[in-house]
Each structure stands twice: as structure tokens, then as C-alpha cells.
């Protein structure tokens, strides 16, 4: 089955929103053994939507459309599908009643403009949408399937999982495609590619290398008729990759570095505290994104100014001698916050993210210190990137450095 995704919305083309629907659906289709060949984005223009839909109808077995199902004048997906297939839209009585009841239950009179959301063409079945007022369409004709879903991601994902997927599964035959992602940090994209080069010629499973904000991902993909056939292929390739990449692999699939580090802290019964300057609290925020982080995270101090550093235990003489952005001050920050908050481990982060230099140090200079039982380390980094990106990279680096120390502690 050849699939195509069509995202409708001028706001996507203008860059006002990110098209997360396409990436979500693209990740779902391989699990069903469906090959995705094309992804299109089109604005809220009926002629252009029809043009895109006609092209999709002519070359794809499955067309997934998202967006354009609202009640406003520029929501034109229904009308465009009807024109593409040469069918007439009519108000469906059951859908109209559902819509009016929906508004009545919220003590609102339904605007008559919403009535367009109660329309169907003869080839379409309505797909329920309990999260909004826009039912989807399921269309089967001429050996093809078209599923039209709402644009808001929460509505679209719910409709995909509970309405589209159950209708799609009985119609599928053939192979399934499964993937597994090994997440690496501390190596460049070209280095990972070079290290894994003996495995890259394999076609089933295959490996792709991708640069991501949390490091370099090695994605293993395998095909087969059943999950039982595919799973060993993934397992074998993962084992080979891990033997090559070793300690640089920090997680798999949906794992996050903050969860991995949190689990290590819990297993070792250790607590953590942070003192941050250039990251402005992002490290503490990331750590506390994990439910249950209160079991190991004592707290964080944002010591953005030199006065804040000295007020929280950093020796002013160190700042005067070495500067706030230095190996020595990062180490002092880690030790000070560890002592002040009675934690087992302290992390200190200091740096200059620009746009101007500081203390004669170039933009991107960052020092990350970890003060752990029996071991203290300071890691210099050059993160000359846009400000927000540099903050995220420094946060990721701090967590990875902490992970490395925790692993060495055994």
C-alpha cells in the first residue's frame, strides 16, 4: 500500500505553526507496513487543494488529509474532497443533531456556520471526534482510501488511534516495518557514521544516522511478515551497534536523558542540586520534567549575577582571579550548591552565550562542573550557537556528564 499525507493550512506555509501531524503519521505508517511516498502541504485555497488531492488520488492507495475541517469560510477540505471525487455534499441529519447537542450541552446556541461540519458525500462515512466539533471523513472508492482528520494534533491523534487505525488494519496485508533508535551523545554525526560503516551496507535491517538536539541517533529499521520475525533482526543489529558505540549510547527510542539520569540517581540512592548561570534554570527545569524527580532532586539556584554566586557560597576571590566564566568558578558553584542544599552531588554551569564576549572569553565558552562523592570533574564546552540552542546543548551536556560519572560509580 502506497500512502500520501496532505496537510492543509496556510498557517503551516507561513511558518506560524509546525506541521507535527505529518511527522506523527509518518511514524505510524511503518508500523503497519505501509510505505509513505509523498507528503504535501497546501494552503487554504480550494483550487490548489483540489489540485493536490487529484494528484494524490491518481498515485496513492491511502491518502491521509489533516486540517481544513473547521466551520470557517477558509476551511475547505470537505468541499475540495467533494469536488475531487465529483460528489455532492449534503447535511447528514444524525451529524447535525450531534453538533446541536454538543453546543446545547455547553449552553451555547450553535452558529449556523458550523452546519458545514455536519455534511457528507455519498462515499464518506463520518469519523467521530469527541475532542472537537469537526468530524472526520472516511472515504473508500475506486480501490483507494482517503481519511480526512482535524488539524489540532490532539484531535487528529485521537481520531487516528480510535477511528482510522481500526478501519485500516483489516485491509492490510504483507510486511510490517519496525524501528529502534539508539541515542548517542559525545560523538559527531560523521564519527558515528564512520564507526558504524561496517553495518551500513545491511539492507534488512538497515541503519540511518541523524543529528538531533540530544545527540546523534542511529535508527535501525527491519521488515518482515510478523513481529516475531522482525524483532530478532532489530535485537541483533542493536547488539552489534552497542558493541561499536559503547558508552556513548545513552538511551533507546523514547527515552530522555533526564529520565535515564533520574533512574541512575534513584538506583544509587543519591541526591542532586544545581547552580546555573548561563542556562538560567533550564537544567533544573529539565530535571523536574520527570515525574517523581523530588525523590532525588534537592533544588536549583539560578546565580545569574556575580552577586548571586557569592551570596550562595562561591568565593568572590575566585571570581576576581579567574572570572565568572571559568573552570574554577564552575567547580566552586557545584561544591557550593551541594553544600548549601545538602545534596550528594552538585552541578555548576557557567558560560557566555553572547551576543558579546565576557571577561575576554569568546561567545560559546561554557564550563560544566560535577561534584560527586569521591570525584569532581569540570568539562569545558564550546557552544557557539544561537542563544536558546546553546542553553539546551549545555543542559544536555551537563546531564550526559553526570550520567558518565554515575555509571563509573558502579
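All of the numbers you see were taken from the coordinates with simple rules; none came from a lab. Just so we're clear, the structure is a prediction, and the values are computed from it rather than from any experiment.
Summary value for the range 176-252: 44 percent relative contact order, contacts being C-alpha pairs under 8 angstrom separated by 6+ residues.
Where the alpha-carbon atoms of the range 325-410 are placed on the principal axes, they occupy 39, 22, 17 Å, in descending order. Expressed as an acute angle from 0 to 90° and rounded to the nearest 10, what is the orientation of the C-alpha long axis of helix 93-105 relative to the principal long axis of the chain? Long axis of 93-105 versus the principal axis of the chain: about 40 degrees. Stokes-Einstein diffusion of the range 2-171 at 20 °C, 1.002 mPa s viscosity, Kirkwood radius from Cα pairs, rounded to a whole number: 133 µm²/s. Between the helical axis of 46-59 and the longest alpha-carbon principal axis of the chain there is an angle of about 90 degrees. Building the convex hull from the alpha-carbon atoms of the range 150-250 and averaging its projection over directions returns 8.3 nm². Summed over qualifying helices (DSSP H, 4 residues or more, each -39500 (n - 2.57)) and divided by its residue number, the chain shows a 222 nm mean residue ellipticity of -11000 deg cm²/dmol.
Rounded to the nearest 10 degrees, the inclination of helix 257-267 to the longest alpha-carbon principal axis of the chain is 60 degrees. Principal semi-axes of the equivalent ellipsoid, √(5λ) from the alpha carbon gyration tensor of the range 257-409, are 24, 17, 13 Å from largest down. Calculated over the chain, the projected area of the Cα convex hull averaged across directions stands at 25.3 nm².
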